Amino acid sequence: MKKQQVLNCSFSSWYQLFKQITIESKIISLPKEFIDYLNEDGIVLPEGDHSRNDEADDEQDENDEQRQVPSFPDLQQSIHNALHSLGGAVFPKLNWSCPKDASWIACGNTLKCHTPNDIILLLKSSDFVTHDVTCPFDSCEDDETASDEVQFELILRKWVDISQAMEFRVFVKHDNIIGISQRDPTTYFPVLQSMKEHIGGRICNFHRKYIQGKFHDEDYVFDVYFKNEKKVVLLDFNPFGEVTDGLMFEWSELCGEESQLEDGDAAEDDTPDLTDLVRIVESGTSVQPSPYNSYRVPTDVIDIATGMDSNKLIDFLQLEARQQGNEETETNNEENR
């Protein structure tokens, strides 16, 4: 994967080109001071917007009160303006990633934001966002660009309620579709079982009409959802490579597989071979575990549970042994009294 492929998938690189087929959005340039703030340890929200964070403020550690409270008045005003323009509720992301891994920290476990601090809390708590601002090109074979040379942007997308069953990821190689995956592989949707031909046909027609030959690369990944029976909506572009989740596909097969469609094929929704392109969760027993569950608990717990850090596991077992020994001693003392 080349660095330019990643840059081409940055939101502002493609939004104007495909504005008519995607969700209305606002792009706000982020100052270096805000990027530095995102990279700092701890979570201290900026002053000037506490309308939805009173409880969180009350629970902050006393040491936080002695720390300097950050202030980004121009940025916060720009966010306020964008929120008003987009109807009062937005979905936030940076150039490439959204803070989906931090949804657990938000009210209702959702990325639906109503205030600047709703947005900033998610960004500050997200490992995905941290990756964007620190090492966006770490998977590129020609990575020579420092992250501080990138103009980072906050993308605010008008909030739209999307049925997860109707959301799909599309893999494109040599500008032809080679795979279509259910976007949420952690859930079994019975309604999809009889729709594979319909899904393949609609997405192939949409790609040929609106995207094929127009995107900056020939190899890329894009996400869509079916708004209704007639309308397909573009959600995002992603680089064609392992940095992007393959969902129901393995990247070894995607990189080694030529397109199953030739130019001009799949003109009709009922083309039989379209079902070969589409992969869905076929039953309730074949769902995949959620990749976001690990972000809901401390990493120490994950290391112990998986054995990834043997030293932590040993310390945990020794602590358990000491606690059991103490309990046995207390029991013996009680019996001897």
Only one of Ser103, Ser85 is crowded, with 18+ Cβ neighbours inside 10 Å and of a type in the set (Gly, Ala, Ser), namely Ser103
Selection over the stretch 241-295 where residues are of a type in the set (Gly, Ala, Ser), touching a helix residue (DSSP H, G or I) at 6+ places or on another chain (Cβ under 7 Å) and at pLDDT below 70 yields a count of 2
The number of residues in the stretch 213-233 that are open to solvent by 30 Å² or more (accessible area, probe 1.4 Å) and either more than 22 Å from Trp251 (Cβ to Cβ) or β-branched (Val, Ile, Thr) (or both) is 7
When restricted to Lys158, Lys124, Lys93, the only residue buried (at least 19 other Cβ atoms within 10 Å of the Cβ) and either within 24 Å of Val233 (Cα to Cα) or hydroxyl-bearing (Ser, Thr, Tyr) (or both) is Lys93
Restricted to the stretch 12-24 and to residues being in a helix (DSSP H, G or I) and in contact with a Leu (Cβ under 8 Å, 6 or more places away or on another chain), the residue farthest from Ser71 (Cα to Cα) is Ile21
Subset of the stretch 25-47, residues loosely packed, with under 14 Cβ neighbours inside 10 Å, in a loop (DSSP other than H, G, I, E, B) and either touching a residue at least 60 places away in the same chain (Cβ under 8 Å) or basic (Lys, Arg) (or both), comes to Ile43
Residue match in the stretch 192-207 (condition: modelled with pLDDT under 95, touching a Lys or Arg at 6+ places or on another chain (Cβ under 7 Å) and open to solvent by less than 60 Å² (accessible area, probe 1.4 Å)): no
With respect to Asp57, is the statement that it is closer than 24 Å to Trp159 by Cα, acidic (Asp, Glu) and either assigned to a loop (DSSP other than H, G, I, E, B) or at pLDDT below 95 (or both) true?
-> no
Tell me whether the stretch 22-44 contains one or more residues that are at pLDDT below 90, more than 20 Å from Phe237 (Cβ to Cβ) and in contact with a His (Cβ under 8 Å, 6 or more places away or on another chain).
no
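The values are calculated or read from the model by the stated rules, or taken from the named source; none is laboratory data. Fair warning: this is a prediction, and the values are worked out from it, not measured in the lab. Every residue, glycine among them, receives a Cβ derived from its backbone with ideal geometry; neighbour counts consider all protein chains shown. Note: accessible area is taken over every heavy atom of the protein model, side chains too, but ligands, DNA and RNA are not part of it. Shrake-Rupley method; radii C 1.70, N 1.55, O 1.52, S 1.80 Å.
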